[in-house]
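Visitor: Okay, handing you the structure first.
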Amino acid sequence: MSHRPAFIITIDTEGDNEWSRPNPILTRNAAYLPRFQSLCEEFEFKPTWLTNYEMATSPEFVRFGRDVLSRRAGEIGMHLHAWSSPPLKPLTHDDHATHPFLIEFPAEVMAEKIGFMTELLQQQFGVKMLSHRAGRWAFNSTYAKLLDENGYLADCSVTPHVSWRRTLGDPKGEGGPDYRGFPSNAYFIDLENIDRPGSSNLLEVPPTIIRSKLADAAPWMYEVRGVKRFAEQYSPPISWIFPNGSNVDRMIRCVRTAVSEHREFIEFVIHSSELMPGGSPRFLTNESIEALYVDLRVLFGEISKNFVGATLGEFQATKRAERVEQAVACLVER
């Protein structure tokens, strides 16, 4: 790892257009992923492909992933969609339609699903699973403990400044987690209180989400009718490094803010199906995909000025080494 801050690329590697609640779930987007991998390698970036059940059983993706690993050009991690990942134990009237969160299932079912996916990925790719992102960003202490028990070292499920309370999984449930107030920096998780640093080996590496100064100074502007639209257009309350087809300028502002704040990493997010025409609501046509790659080239060029590519596993190893050095220094001082 370089002394420069890290650029971490995370891809939720999953079936085609999961937003439409398909059943069966297809994996045609696997054919479109080498282009993105090549772009990353052109800038010497190393993506982390966070892989769900459908893609882990796609022969085309498995071939692709094994090639990436053989060249040490990226990492394979785990991404778990509870509604389609074995063992299938329905929680709602139609899990494919409702997409329940894994954290809404009983703890024993959570453990079975995490264990199954971990073993499947390790068999398919021949490497230990180190990194993870929860399906639909739904993470809690039980989940963190199960990841720790299965040997995971890095998670990237927490979305600082964002609440998913209004997003339902189980229609009878309480909605998703509220991550407002969680740290934006990387931290080793307290397994009992996942919003706090602790002594575990599981490093939380949140996606880069920047809260605007206006949202901090005048939050009321985003609530008052007539003012809200202006405020959101002038200064969105939060911005991600997460392409949507029209936000390259905002993503670059996120990068420059991270540089000015001397952040030790930034994290980019995309779904594998967003790299295929018609694979998502955002990128429906060939033209929109071509425009996406224009934006990505501009964005990656900006990032390469100040950041060096790293996988989630590599970043965790760096942070773990820093923690050991700090512990040794404390002992020497005593």
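Visitor: What tally of residues in region 125-152 results from selecting those that are crowded, with 24+ Cβ neighbours inside 10 Å and over 17 Å from Ser85 (Cα atoms)?
Guide: The number of residues fulfilling the criteria is 3.
Visitor: Within the bounds of region 235-246, is there any residue that is of a type in the set (A, V, I, L, M), modelled with pLDDT under 95 and under 18 Å from the mean Cα position of the chain (by Cα)?
Guide: Within region 235-246, one or more residues are of a type in the set (A, V, I, L, M), modelled with pLDDT under 95 and under 18 Å from the mean Cα position of the chain (by Cα).
Visitor: Next question, about the same structure. Starting from residues that are in contact with an Asp or Glu (Cβ under 8 Å, 6 or more places away or on another chain) and aliphatic (A, V, I, L, M), keep the ones in region 288-332 and report whichever is surrounded by the most Cβ atoms within 10 Å (Cβ to Cβ).
Guide: Looking at residues that are in contact with an Asp or Glu (Cβ under 8 Å, 6 or more places away or on another chain) and aliphatic (A, V, I, L, M), I get Leu312.
Visitor: Under 6 Å between Cβ atoms, which residue pairs at least 6 apart in sequence (or on different chains) link something in region 305-334 that is in contact (Cβ under 8 Å) with a residue 40 or more places away in the chain with a partner that is of a type in the set (A, V, I, L, M, F, W, C) and exposed (fewer than 10 other Cβ atoms within 10 Å of the Cβ)?
Guide: Qualifying pairs under 6 Å: none.
Visitor: Which ones in region 240-253 are assigned to a helix (DSSP H, G or I) and buried (at least 22 other Cβ atoms within 10 Å of the Cβ)?
Guide: Met251
Visitor: Further, regarding this structure: Yes or no: region 203-210 includes at least one residue that is farther than 27 Å from Thr51 by Cβ and over 16 Å from the mean Cα position of the chain (by Cα).
Guide: Among the residues of region 203-210, not one is farther than 27 Å from Thr51 by Cβ and over 16 Å from the mean Cα position of the chain (by Cα), which makes the answer no.
Visitor: Now for a different question. Which is charged (D, E, K, R), modelled with pLDDT of 95 or more and part of a helix (DSSP H, G or I), of Arg196, Arg297?
Guide: Matching residue, one of Arg196, Arg297: Arg297.
Visitor: Can you name the residue in region 85-126 that is among the polar types (S, T, N, Q) and free of Cβ contacts under 8 Å to residues at least 60 places away in the same chain and is also farthest from Gln37 (Cα to Cα) among such residues?
Guide: Here the answer is Ser85.
Results for (1) closer than 29 Å to Leu312 by Cβ; (2) in contact with a Leu (Cβ under 8 Å, 6 or more places away or on another chain); (3) hydrophobic (A, V, I, L, M, F, W, C); (4) at pLDDT below 95, shown as yes or no for each residue.
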residue: Phe182; (1), (2), (3), (4): yes, no, yes, no
residue: Ala186; (1), (2), (3), (4): yes, yes, yes, no
residue: Glu204; (1), (2), (3), (4): yes, no, no, no
residue: Trp220; (1), (2), (3), (4): no, no, yes, yes
residue: Glu232; (1), (2), (3), (4): no, no, no, yes
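Visitor: Among the residues of region 154-172 satisfying the criterion of being hydroxyl-bearing (Ser, Thr, Tyr) and buried (at least 20 other Cβ atoms within 10 Å of the Cβ), which is farthest from Asp12 (Cα to Cα)?
Guide: Thr159
Visitor: Still on this structure: Restricting region 269-287 to residues that are in a helix (DSSP H, G or I) and of a type outside the set (D, E, K, R), which is surrounded by the fewest Cβ atoms within 10 Å (Cβ to Cβ)?
Guide: So, considering only residues that are in a helix (DSSP H, G or I) and of a type outside the set (D, E, K, R), the one surrounded by the fewest Cβ atoms within 10 Å (Cβ to Cβ) is Asn286.
Visitor: I'd like the full set of residues that are aliphatic (A, V, I, L, M), in a helix (DSSP H, G or I) and touching a strand residue (DSSP E or B) at 6+ places or on another chain (Cβ under 7 Å), limited to region 300-334.
Guide: Matches in region 300-334: Ile303, Leu312.
Visitor: With the requirement that a residue be within 20 Å of the chain's Cα centre (by Cα), of a type outside the set (A, V, I, L, M) and within 15 Å of Glu44 (Cα to Cα), what does region 287-301 give you?
Guide: Result: Phe300, single match.
Visitor: Now a separate question. Look at Glu290 and say whether it is part of a helix (DSSP H, G or I) and at pLDDT 95 or above.
Guide: Yes, satisfied.
Visitor: Checking Ile266 against (1) over 22 Å from Glu18 (Cβ atoms); (2) assigned to a helix (DSSP H, G or I); (3) in contact with a Ser or Thr (Cβ under 7 Å, 6 or more places away or on another chain); (4) of a type outside the set (Lys, Arg), which single condition isn't satisfied?
Guide: Here Ile266 meets the rest and fails (2).
Visitor: How about region 109-146: which of its residues are part of a helix (DSSP H, G or I), under 26 Å from Arg166 (Cα atoms) and in contact with a strand residue (DSSP E or B) (Cβ under 8 Å, 6 or more places away or on another chain)?
Guide: Lys113, Ile114, Gly135, Ser141, Tyr143, Ala144
The values are calculated or read from the model by the stated rules, or taken from the named source; none is laboratory data. All values derive from a computational prediction rather than experimental measurement. As a convention, Cβ positions derive from the backbone with ideal geometry for all residues, glycine included, and neighbour counts pool all protein chains shown.
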